[in-house]
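Q: One structure is given below, represented as structure tokens, and several questions about it will come after.
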Amino acid sequence: MITAARTIGRHGVRDGAIILLMFRHGLRTAELVALKWAQVDLSGGYIEIQRVKHGHDSIHPLRSPELRALRQIKRDYPETQYVFVSERKAPLSTRTIRHIVARAAEKAGISEPVHPHQLRHACGYYLASQGHDTRAIQDYLGHKNIHHTVRYTQMSPIRFESFWKD
């Protein structure tokens, strides 16, 4: 989807970065559209995630693909307070984000409709499949209640892989 988003329209870098950040940081649409440059440290390589729905805020590291995309966005849209903006320098709406994600999924050949919150779920399932601790995933996604996190680990049989060593 990221690759597909990069090939669509005049804002490919921005749109690809939207999908990348939503997936890698488990961002909700409202968290993404509210993201400001003051929360991003490009030289230190971190991002402050301010969670909605009474979630726990956290600081996440940024990796090379994210840093490259964010630096390009900063060059393409200078002097804006928000990271993801329209041509008129206004923050993108949640409706626009839904459209960007759906369009990228379609271009990527995904036959089922895709909505932005599925990227957050994909983040949780990916982290669980990599064997990360449920409490760490809870903190990463900003869940106040661990019951919202266990859905990701319940589906992952990988957590049993190290139980027996034959």
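Q: Given the options 89, 165, 144, 74, name the one that is under 17 Å from residue 49 (Cα atoms) and of a type in the set (D, E, K, R). Break it down into steps so the answer makes sense when it comes.
A: Numbers: 89 fails: under 17 Å from residue 49 (Cα atoms); 165 fails: under 17 Å from residue 49 (Cα atoms); 74 fails: under 17 Å from residue 49 (Cα atoms).
Answer to the check: 144.
Q: Please specify each residue of segment 25-47 satisfying the condition of being touching a strand residue (DSSP E or B) at 6+ places or on another chain (Cβ under 8 Å), among the charged types (D, E, K, R) and open to solvent by 20 Å² or more (accessible area, probe 1.4 Å).
A: 36, 41
Q: Same structure again: Given the condition under 26 Å from residue 114 (Cβ atoms), modelled with pLDDT of 95 or more, open to solvent by 40 Å² or more (accessible area, probe 1.4 Å) and outside any helix (DSSP H, G or I), answer yes or no: does some residue in segment 63-77 qualify? Write out each step before concluding.
A: Residues of segment 63-77 under 26 Å from residue 114 (Cβ atoms): 63-70, 72-73, 76-77.
Pick out the ones that are also modelled with pLDDT of 95 or more and you get 63-70, 72-73.
Then drop every residue that is not open to solvent by 40 Å² or more (accessible area, probe 1.4 Å), which leaves 63-65, 68, 72.
Still in the list and also outside any helix (DSSP H, G or I): 63.
Yes.
Q: So, one more: Residues in segment 140-155: is at least one modelled with pLDDT of 85 or more, in a loop (DSSP other than H, G, I, E, B), in contact with a helix residue (DSSP H, G or I) (Cβ under 8 Å, 6 or more places away or on another chain) and exposed (fewer than 13 other Cβ atoms within 10 Å of the Cβ)?
A: Looking for residues that are modelled with pLDDT of 85 or more, in a loop (DSSP other than H, G, I, E, B), in contact with a helix residue (DSSP H, G or I) (Cβ under 8 Å, 6 or more places away or on another chain) and exposed (fewer than 13 other Cβ atoms within 10 Å of the Cβ), one finds none in segment 140-155, hence no.
Q: Kindly list, by first and then second residue, each pair from a residue in segment 4-17 that is at negative phi and at pLDDT 95 or above to a residue that is among the aromatic types (Phe, Trp, Tyr) and surrounded by fewer than 20 Cβ atoms within 10 Å (Cβ to Cβ), limited to pairs with Cβ atoms under 9 Å and residues at least 6 apart or on different chains.
A: Filtered contacts from segment 4-17: 14/77.
The values are calculated or read from the model by the stated rules, or taken from the named source; none is laboratory data. What you see is a predicted model; the values in this text were computed from it and never measured. Glycine also receives a Cβ, built like all others from the backbone with ideal geometry; neighbour counts cover every protein chain displayed. Accessible surface areas use protein heavy atoms only, side chains included; no ligands, DNA or RNA. Shrake-Rupley method; radii C 1.70, N 1.55, O 1.52, S 1.80 Å.
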